1. Take T105 and tell me if it is modelled with pLDDT of 95 or more, surrounded by fewer than 19 Cβ atoms within 10 Å (Cβ to Cβ), farther than 21 Å from N155 by Cα and among the hydroxyl-bearing types (S, T, Y).
2. When region 3-19 is examined, which residues are found to be under 20 Å from A49 (Cα atoms), part of a helix (DSSP H, G or I) and open to solvent by less than 100 Å² (accessible area, probe 1.4 Å)?
3. Tell me the residue from C260, C236 that is open to solvent by less than 30 Å² (accessible area, probe 1.4 Å), without any contact (Cβ under 8 Å) to a residue 12 or more places away in the chain and within 21 Å of the chain's Cα centre (by Cα), please.
4. Go through region 102-127 residue by residue and tally those that are within 17 Å of G191 (Cα to Cα) and outside any strand (DSSP E or B).
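The values are calculated or read from the model by the stated rules, or taken from the named source; none is laboratory data. Values in this document were obtained by computation on a predicted structure and should not be read as measured data. Note: ideal-geometry Cβ built from the backbone for every residue, glycine included; neighbour counts use all protein chains shown. These accessible areas exclude ligands, DNA and RNA; they are computed on the full protein's heavy atoms, side chains included. Shrake-Rupley method; radii C 1.70, N 1.55, O 1.52, S 1.80 Å.
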Amino acid sequence: TADVYRLESGDPYLDRLTNVWLKNQVQLGKTWARVYGKGIRDMLQDITAFVSMDGGLAREQILGCLGYQFANGNTVRMYAPFLRHPYMDGAAWIPETVLTYLKETGDTEILSQEIPFFESNETGTVLEHIRRGVRFLTTNLGGHGLCLWGGGDWNDSINNAGMKGVGESVWLSIAAVKACRQYHEILKIIGRSREDTDILPKMENLRQNVLRYGWEGDHFIYGFTDWGEKVGSDDCAEGKIYLNPQTWAVLADILEPAACEKLMNTVEHRLHCDYGYVQC
């Protein structure tokens, strides 16, 4: 991967960070995730970065990860060793990884590759795996019409906020909107945008619920626990604003451009510090 891309910025530290450390980090992550366990979410994230270095190897890793997706569309949180804690965000990472792969390689044939679902007699194409994942995200909703939190979403520090099947994650709902957009883009690439025509209305319904129940004053809250408590709200004694829902609202086009810029100004004002941006 050394010759795929080389930075020559004039800053030896930045060049070394980019050309050596970052490439090796991504190479490690796409195979071993976080070393202590192979997490599907973690591997998909790193594969998304790795596709520009080695498309063929990225393809193998994508197909391997999809083998740990349940027939209902959700994924195993981690394997080797297995962690069956009911995380709900796994499917949100699949469309972006596959879409990035398609844009880098042009290999649309991957979408017709058959992959068995985990612990199931069913198999499905890669496109079917994406479809089931998106449908899992848009149908497992709580009382506010937002994605159920389950045992965890992406923020491991707020695990178990939705173990009773009541709590809802605003962040995951935002990520689901993004996943729906990416799924639709994949369908457009292969000339099948007229399929799954109900996905866009489901996405818009979810987006509206994020705006209706997730927006508070100048930022998005993080979610609602099983007990109806807000997380990431100004009503909270601590943790009044989290970074991820704000940045992802921009990535997912939840708001109009002018409102996105205003939201980022809120991030600058409330979360920026001398060392970067505090996550909470």
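1. Working: modelled with pLDDT of 95 or more: yes; surrounded by fewer than 19 Cβ atoms within 10 Å (Cβ to Cβ): yes; farther than 21 Å from N155 by Cα: yes; among the hydroxyl-bearing types (S, T, Y): yes.
Yes.
2. If the condition is that a residue be under 20 Å from A49 (Cα atoms), part of a helix (DSSP H, G or I) and open to solvent by less than 100 Å² (accessible area, probe 1.4 Å), then L14, D15, L17, T18, N19 are the ones that fit.
3. Numbers: C236 fails: within 21 Å of the chain's Cα centre (by Cα).
One residue alone meets the criteria, C260.
4. Step one: list which residues in region 102-127 are within 17 Å of G191 (Cα to Cα), which gives 102-103, 106-112, 125-127.
So of that shortlist, the ones also outside any strand (DSSP E or B) come out as 102-103, 106-112, 126-127.
Matching residues across region 102-127 total 11.
Residue by residue, here is whether (1) touching a residue at least 40 places away in the same chain (Cβ under 8 Å); (2) under 19 Å from the mean Cα position of the chain (by Cα); (3) at positive phi holds:
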site: T18; (1), (2), (3): no, no, no
site: K30; (1), (2), (3): no, yes, no
site: Y36; (1), (2), (3): no, no, no
site: L44; (1), (2), (3): yes, yes, no
site: D54; (1), (2), (3): yes, no, no
site: R59; (1), (2), (3): yes, yes, no
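Results for (1) under 16 Å from G232 (Cα atoms); (2) without any contact (Cβ under 8 Å) to a residue 12 or more places away in the chain; (3) outside any strand (DSSP E or B), shown as yes or no for each residue.
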| site | (1), (2), (3) |
| --- | --- |
| H129 | no, no, yes |
| R132 | no, no, yes |
| I174 | yes, no, yes |
| R192 | no, yes, yes |
| D196 | no, no, yes |
| M203 | no, no, yes |
| N209 | no, no, yes |
